[in-house]
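Structure first, then comments.
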Amino acid sequence: MNRRFSILPILPILPVPPILVLPLLTVLIAIAVAPSATAQERMSMIPAERQTEAQKKAVADYKALRGADLTGPPWSVLLRVPDQVMPALEIRLHYLNRSVLGSKLTELAILTAARKWTNNWEWNAHSTAAATAGLSADIIAGVRDGRRPDRMADDEAVVYDLSLELQANQGVSDATYAKAVVKFGEAGVVELASIQGYYAYLAMVMNVAKITVQPGAASPLERFPATK
């Protein structure tokens with residue numbers, strides 16, 4: 001039995017115009033090195049059908065208190081230990097609604113913790129909230145860049161100094177403490193210290209889970225730079 005073979009024509013390889021070479025290489029490199037969000041993230045939201053009864057209760061209690069579904073970080077990560085969800089949320093709502101420092105200074109303190117722990121999720125949420133609360137763009141940029149902001153008001157400087165000193169040294173000097181007590185009272189000092197602890201806790205949990213940024217958001221923070 002004779003078989004007939006057809007020979008396909010060899011098509012010429014057309015040269016790529018020089019003007020297209022660099023854009024094409026850029027796209028190819030980006031595709032090659034960019035990891036997917038799902039590959040990076042270690043602890044995404046647990047689907048409802050896989051949740052334990054304790055986790056389902058935490059999700060329902062969260063929605064009842066906050067009026068919104070529990071769908072994303074840090075709460076979706078904390079859901080692995082459901083008993084942590086509601087206490088953490090109650091502390092968050094305290095800072096949101098009843099902080100003795102007021103919203104602007106509270107957000108400044110939160111930003112220092114987010115910057116120290118290089119947590120872009122926290123930073124993106126709270127840099128927006130800080131601007132809404134009246135914190136200047138120059139101060140926000142200074143904290144982001146790891147440098148002492150210029151032209152801070154006295155109360156802003158006290159918040160900044162105590163927050164960074166506590167994060168760096170695991171304590172504060174008598175001079176820093178005295179300034180904070182004069183400005184805010186003992187309740188304000190406790191508020192400042194607890195903000196650093198609470199937002200470091202959330203940042204560490206999210207960093208371990210490799211939570212990066214909100215969908216479509218930028219990553220403004222790189223590794224924390226040397227103190228300037």
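Any residue in the stretch 36-48 that is surrounded by 13 or more Cβ atoms within 10 Å (Cβ to Cβ) sitting within a Cβ distance under 8 Å of a residue that is at pLDDT below 75 and polar (S, T, N, Q)? List the pairs, counting only those 6 or more apart or interchain.
These pairs meet every condition: SER44/THR38.
Given the condition out of contact with any strand residue (DSSP E or B) (no Cβ under 9 Å at 6 or more places or on another chain), touching a residue at least 60 places away in the same chain (Cβ under 8 Å) and surrounded by 14 or more Cβ atoms within 10 Å (Cβ to Cβ), answer yes or no: does some residue in the stretch 49-62 qualify?
No: the stretch 49-62 contains no residue that is out of contact with any strand residue (DSSP E or B) (no Cβ under 9 Å at 6 or more places or on another chain), touching a residue at least 60 places away in the same chain (Cβ under 8 Å) and surrounded by 14 or more Cβ atoms within 10 Å (Cβ to Cβ).
Looking at LEU202, LEU192, can you tell me which residue is within 19 Å of THR128 (Cα to Cα) and at pLDDT 90 or above?
LEU202
Can you tell which of SER76, SER99 is under 16 Å from GLU191 (Cα atoms) and surrounded by 13 or more Cβ atoms within 10 Å (Cβ to Cβ)?
SER99
Anything in the stretch 206-217 that is modelled with pLDDT of 80 or more and exposed (fewer than 12 other Cβ atoms within 10 Å of the Cβ)? List them, or say none.
Once the filter is applied, which keeps residues that are modelled with pLDDT of 80 or more and exposed (fewer than 12 other Cβ atoms within 10 Å of the Cβ), the stretch 206-217 yields only VAL208.
Can you confirm whether SER44 is modelled with pLDDT under 95, outside any helix (DSSP H, G or I) and of a type in the set (Gly, Ala, Ser)?
It is true that SER44 is modelled with pLDDT under 95, outside any helix (DSSP H, G or I) and of a type in the set (Gly, Ala, Ser).
Which residues, counting only those in the stretch 180-195, are touching a helix residue (DSSP H, G or I) at 6+ places or on another chain (Cβ under 9 Å) and either of a type in the set (S, T, N, Q) or closer than 20 Å to ALA113 by Cα (or both)?
Scanning the stretch 180-195 gives ALA180, PHE184, GLY188, VAL189, GLU191, LEU192, ALA193, SER194, ILE195.
The values are calculated or read from the model by the stated rules, or taken from the named source; none is laboratory data. Every value quoted in this text rests on a predicted model; they were computed, and no experiment measured them. All Cβ positions, glycine included, derive from the backbone under ideal geometry; neighbour counts span all protein chains shown.
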